[in-house]
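Every number here is computed from the coordinates shown, using simple stated rules; none is lab data. This is a predicted model, so every value here is computed, not measured. Counting neighbours? That spans all protein chains shown, and the Cβs are built from the backbone with ideal geometry, glycine included.
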Amino acid sequence: MNRVGGNVTDLCWVIDEAIPLTPALTPLLGNVRLLPGRDIGPAVVENADVLLVRSVTQVDETLLAGSAVRFVGTATAGVDHLDVAALARLDIPWASAPGSNATAVVEYVLSAIAMSGYFESILCGAPVGIVGLGAVGGQVAQRLLSLGCQVVGYDPLVTHWPTGVLRGDLKEVLSQTVVSLHASLHDQAPFASQRFDWCRGGRGHDRGVRDTASGGTAHQCRAGRAAGAPGARVSASGPLDDGIGYLAHRAVSRCNVASAV
């Protein structure tokens, strides 16, 4: 079903309209259909050669079977929304964009911390816990260290531990006053993602949580406080798979969070 042609303008493109700069490139790409990522379904991609998505579009065999798609690209670092096994079975190459927006996310995290009410306390020595020290988490750690902050990190997959970052276990990192999550959602042994309750216990005072990990990392954050449990103010930037959406510094008593552990 795939068309044969060497020119970009000969291809049919289906693209998530929220990918930056894409509308401006439309005249150069030829036959382009821009639409919201959640509206991309089998009928939309049936005659497409190229599919470009974000994390809100689940790309699997249900979406692609019988289509003309011959390449899938995602404008994200995480790929938990791509069924890579199905793409292999269908012989469709794919690509992701790890680190492409790392600097922007780092600056966003620092801005969120600065506006959260915790900035003064971490400048005065309160440690920041970071889960995941990859392209984003590693930069967040270095920026905080350059400000004289203390950083405690957890990442069992890092081969070269960042200079200046204290190494802690997951429980210790999640017990810090401010926690920033930068772990991907995956099922790769021996550190597959799992859910855990971490807002229970701890230091007995409010804590700030910054979640900029890939979609699905934060789960089931419910408003309210449980008797005797410390609260946490959670702010999430990625789409949550339970439909809650953005949580901006709301008091919650329990969070089930998936991370590399």
Net charge (Lys, Arg +1; Asp, Glu -1) of residues whose beta-carbon lies under 11 Å from that of residue 89, residue 89 excluded, is -4
For peptides 66-78, 20-32, sequence by mean Cβ density within 10 Å, most packed first = 66-78, 20-32
From the square roots a ≥ b ≥ c of the eigenvalues of the alpha-carbon gyration tensor of region 1-85, which class results: rounded (a/c under 1.5), prolate (a/b over b/c), or oblate?
-> oblate
